[in-house]
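The values are calculated or read from the model by the stated rules, or taken from the named source; none is laboratory data. Predicted, not measured: the structure shown is a model, and the values here were computed from it. When we count neighbours, we look across all protein chains shown, and the Cβ atoms used for this are built from the backbone with ideal geometry, even at glycine. Ligands, DNA and RNA are excluded from the accessible area calculation, which covers all protein heavy atoms including side chains. Shrake-Rupley method; radii C 1.70, N 1.55, O 1.52, S 1.80 Å.
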Amino acid sequence: MIWNREKEAMDQKTMRSIQEADCAKLLEKVYSNVPFYTKKFDDAGMKPADFKSLSDLSKFPFTTKEELRDTYPYGLLAVPKSEIVEIHTSSGTTGTPVVDAYTLKDIEIWSEGTARTLAMAGTEAGDVVQNAYGYGLFTGGLGIHYGARKIGANVIPISAGNTKRQLMIMRDFGSTVLTCTPSYSLFLAEVAQEEGINFQQLGVKAGCFGAEPWSDNMRVEIEEKLNLSAHDIYGLTEIIGPGVSSECEAKDGLHVNEDLFYPEIIDPATGEVLPDGEKGELVFTTLNKEGTPVIRYRTRDITYLMRDRCSCGRTTVRMHRLLGRTDDMLIIRGVNVFPSQIEHVLMKIEETEPHYQIVVDRGATHLDEVEIHVEVEESFFSDETKKLEKVREKIDYEIKSQLGISARIRLVEPKSIERSMGKAKRVVDKRQI
Ligand SMILES: [Zn+2]
């Protein structure tokens, strides 16, 4: 089902003219209302009036994640604070959080985006949507919630975690659509098996899975184990949350809600806009957002755009499933972690040596597991195992409290981690995604 045929199946020419008109208005608005953008445009020697067609957007400066952090908390507001009705932020585990402030109209745009996302997976009025994305400042929970309500589905706001209860609710309330991270869906399947619950007998027909990268191989596994149709969904706090793009039944790229979020692909090194089909960094401009609009936000996600006609009848541009990141950020169970942060924690603990390796894998549970191998001084490997255990506990505690992730800590003897003459291999990512 196409939720908004008028917008999602619009001819591309009309789409361009709408995007152009909205973009012109947006540039005017941020230039006059957000000092951050006034200065940025002035520094680049650009005025909103220099925008005459969509191709002119490439002359305007990018917005980076660092800049969004620097403007914390209210520096990007384009409307008076009194017009904001809701605020969400990124997790903040990698530094100052990024703020997304929504006006009533922004909530409407958000609901529209996630309604399209859910509809692409086959959600209709009367469906029971089990929303296992986290509720709270994280955009996943409420974003999906609004879309499900808009469709007229019955949303179960169960939030993340409590796996046995998830399964009980799923069975007792007859959930038909599941929304969570892809790795969590596999964990659900595993616990179901232990509990003697058979997904073949549950009525879950579709799943919207996002917030971490996953592959077609994982899709096969999910669809088999949970007996449902698994759809990739994409969104980010910096833009609005979920509802930016998602897969239809063709599962051949994610349809971008391009009337709301204008995508560009750039060469991450030069910033130059690349033609459709070429791989590069995904950049978004929020065309209609009121509270915290962003111009040419660099997502650091690598993908390419596809404009050939999709069999579903939608005409919106599609982005390929994410191919990687321009930086080395790890996404562990939905939490963004940079190896440099782990290093930062380790290096503050004096018993450790500056040699470590981070091993990321999906174990038997299908959830991301992190093992940190770190060398400690020779003297610790005496018969005093208590001492060693203390160091291990200390690292464990620091990683948990500072990064919000759990890791297995393995203390190893000096020189046991492979040395490199060039760039050290700090991360071994064994996840098959
Ligand atoms: Zn399609």
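The set of residues in the range 97-143 being among the β-branched types (Val, Ile, Thr) and in a helix (DSSP H, G or I) consists of Ile107, Ile109, Thr114, Thr117, Thr139. Just wondering, is there one or more residues in the range 203-218 that are in contact with a Lys or Arg (Cβ under 7 Å, 6 or more places away or on another chain), open to solvent by 40 Å² or more (accessible area, probe 1.4 Å) and not small (Gly, Ala, Ser)? No. In the range 253-266, is there at least one residue being more than 16 Å from the ligand (Cβ to nearest atom) and farther than 15 Å from Gln19 by Cβ? Yes, because at least one residue in the range 253-266 is more than 16 Å from the ligand (Cβ to nearest atom) and farther than 15 Å from Gln19 by Cβ. Candidates are the residues of the range 421-433 that are at pLDDT 60 or above and assigned to a loop (DSSP other than H, G, I, E, B); the one that is most open to solvent (accessible area, probe 1.4 Å) is Gln432. Assess whether Lys52 counts as being assigned to a loop (DSSP other than H, G, I, E, B), out of contact with any His (no Cβ under 9 Å at 6 or more places or on another chain) and either closer than 19 Å to Phe284 by Cβ or of a type in the set (D, E, K, R) (or both). For Lys52, the condition - assigned to a loop (DSSP other than H, G, I, E, B), out of contact with any His (no Cβ under 9 Å at 6 or more places or on another chain) and either closer than 19 Å to Phe284 by Cβ or of a type in the set (D, E, K, R) (or both) - is met.
Open to solvent by less than 20 Å² (accessible area, probe 1.4 Å), touching a Gly at 6+ places or on another chain (Cβ under 7 Å) and closer than 14 Å to Thr303 by Cβ, is that true of Val283? When the stated conditions are applied, Val283 does not pass them.
One line per residue, one yes/no per condition, for (1) over 28 Å from Thr117 (Cβ atoms); (2) among the hydroxyl-bearing types (Ser, Thr, Tyr); (3) part of a loop (DSSP other than H, G, I, E, B); (4) open to solvent by 50 Å² or more (accessible area, probe 1.4 Å):
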{"position": "Ile2", "(1), (2), (3), (4)": "no, no, yes, no"}
{"position": "Met10", "(1), (2), (3), (4)": "no, no, yes, no"}
{"position": "Lys13", "(1), (2), (3), (4)": "no, no, no, yes"}
{"position": "Arg16", "(1), (2), (3), (4)": "no, no, no, yes"}
{"position": "Glu20", "(1), (2), (3), (4)": "no, no, no, yes"}
{"position": "Glu28", "(1), (2), (3), (4)": "yes, no, no, yes"}
{"position": "Leu68", "(1), (2), (3), (4)": "no, no, no, no"}
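Are any of the residues in the range 173-180 polar (S, T, N, Q), within 24 Å of Asn4 (Cβ to Cβ) and not in a helix (DSSP H, G or I)? Yes; the residues of the range 173-180 include at least one that is polar (S, T, N, Q), within 24 Å of Asn4 (Cβ to Cβ) and not in a helix (DSSP H, G or I).
Does Ser82 satisfy the condition of being part of a helix (DSSP H, G or I) and of a type outside the set (Val, Ile, Thr)? Answer is yes for this residue. Considering only residues of the range 297-350 that are of a type in the set (Phe, Trp, Tyr) and open to solvent by 30 Å² or more (accessible area, probe 1.4 Å), which is nearest to the ligand (Cβ to nearest atom)? Top of the filtered list is Tyr304. Kindly indicate whether any position in the range 157-173 is surrounded by 15 or more Cβ atoms within 10 Å (Cβ to Cβ), closer than 30 Å to His320 by Cβ, hydrophobic (A, V, I, L, M, F, W, C) and in contact with a strand residue (DSSP E or B) (Cβ under 6 Å, 6 or more places away or on another chain). The answer is no; no qualifying residue exists. Quick check on Leu403: is it under 31 Å from the mean Cα position of the chain (by Cα) and over 30 Å from Glu190 (Cβ atoms)? So Leu403 fails the test. Residue count for the range 224-239, restricted to those that are open to solvent by 30 Å² or more (accessible area, probe 1.4 Å), modelled with pLDDT of 95 or more and not hydroxyl-bearing (Ser, Thr, Tyr): 2.
Screening Pro275 with (1) in contact (Cβ under 8 Å) with a residue 40 or more places away in the chain; (2) surrounded by fewer than 15 Cβ atoms within 10 Å (Cβ to Cβ) gives one miss only, at (1).
Restricting Leu287, Leu322, Leu305 to those that are under 24 Å from Asp267 (Cβ atoms) and in contact with a Cys (Cβ under 7 Å, 6 or more places away or on another chain) reduces the list to Leu287.
Scan the range 229-252 for residues that are in a loop (DSSP other than H, G, I, E, B), within 16 Å of the ligand (Cβ to nearest atom), of a type in the set (D, E, K, R) and touching a residue at least 60 places away in the same chain (Cβ under 8 Å) and the total you get is 2.
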